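As structure tokens, the structure follows; a few thoughts come after it.
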């Protein structure tokens, strides 16, 4: 399977770095391109285009770090900050818009009610994606 276009949603967790390194390894052979997005979720009480300075600053810092990792690995990357009510649908929309071959998501170990949980975003992406999805667990 060829991975020329990979979408890597970033959340600012430790697993992001390893997920990006894996994406670089997957695209190197084909000289593919990686898109990395950070989704800032906007509360329903605010307008969708509201700029929350602290969230935007954090997103920029996280994406700058991810760009450095991609540069170290010798990969071409494009980053973007998306604002949305929910992360899952915006990740799917981005994948469709860019004609992505695979979505590679880093997931961290979470417990909810004593059970392992993927949260809300990963299951939504798995269920609604039009392309393959790889979940990377550190």
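Okay, here's what the table says:
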{"quantity": "Pairs, first free of Cβ contacts under 8 Å to residues at least 60 places away in the same chain and on the phi > 0 side of the Ramachandran plot in the range 18-42, second in a strand (DSSP E or B) and crowded, with 21+ Cβ neighbours inside 10 Å, C-beta under 7 Å, six or more apart", "calculated": "none"}
{"quantity": "The lone exception for residue 60 - which of (1) surrounded by 15 or more Cβ atoms within 10 Å (Cβ to Cβ); (2) within 15 Å of residue 9 (Cα to Cα) it fails", "calculated": "(1)"}
{"quantity": "Conditions (1) out of contact with any helix residue (DSSP H, G or I) (no Cβ under 8 Å at 6 or more places or on another chain); (2) surrounded by fewer than 20 Cβ atoms within 10 Å (Cβ to Cβ); number of the one not met by residue 79", "calculated": "(1)"}
{"quantity": "Number of the exception - residue 103 against (1) at pLDDT 90 or above; (2) exposed (fewer than 14 other Cβ atoms within 10 Å of the Cβ); (3) part of a strand (DSSP E or B)", "calculated": "(2)"}
{"quantity": "Enumeration of residues in the range 36-54 that are outside any helix (DSSP H, G or I) and closer than 30 Å to residue 18 by Cβ", "calculated": "36, 37, 38, 39, 40, 41, 42, 52"}
{"quantity": "Residue match in the range 16-34 (condition: in a strand (DSSP E or B), at pLDDT below 95 and in contact with a strand residue (DSSP E or B) (Cβ under 8 Å, 6 or more places away or on another chain))", "calculated": "yes"}
{"quantity": "Answer from 91, 42 - the residue that is under 25 Å from residue 126 (Cβ atoms), in contact with a strand residue (DSSP E or B) (Cβ under 8 Å, 6 or more places away or on another chain) and either loosely packed, with under 15 Cβ neighbours inside 10 Å or at pLDDT below 95 (or both)", "calculated": "42"}
{"quantity": "All positions within the range 109-119 that are assigned to a loop (DSSP other than H, G, I, E, B) and surrounded by 11 or more Cβ atoms within 10 Å (Cβ to Cβ)", "calculated": "118, 119"}
{"quantity": "Contacts under 9 angstrom Cβ, first residue in the range 103-122 being free of Cβ contacts under 8 Å to residues at least 60 places away in the same chain and at positive phi, partner surrounded by 10 or more Cβ atoms within 10 Å (Cβ to Cβ) and in a strand (DSSP E or B), 6 or more apart", "calculated": "119/107; 119/110"}
{"quantity": "Condition met for residue 62 (in a helix (DSSP H, G or I) and at pLDDT 95 or above)", "calculated": "yes"}
{"quantity": "Subset of the range 72-88 [touching a strand residue (DSSP E or B) at 6+ places or on another chain (Cβ under 8 Å) and in a helix (DSSP H, G or I)]", "calculated": "87"}
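The values are calculated or read from the model by the stated rules, or taken from the named source; none is laboratory data. Keep in mind it's a predicted model, so treat the numbers as computed, not measured. Methodologically, a virtual Cβ is constructed for each residue, glycine included, from the backbone with ideal geometry; neighbour enumeration extends over all protein chains shown.
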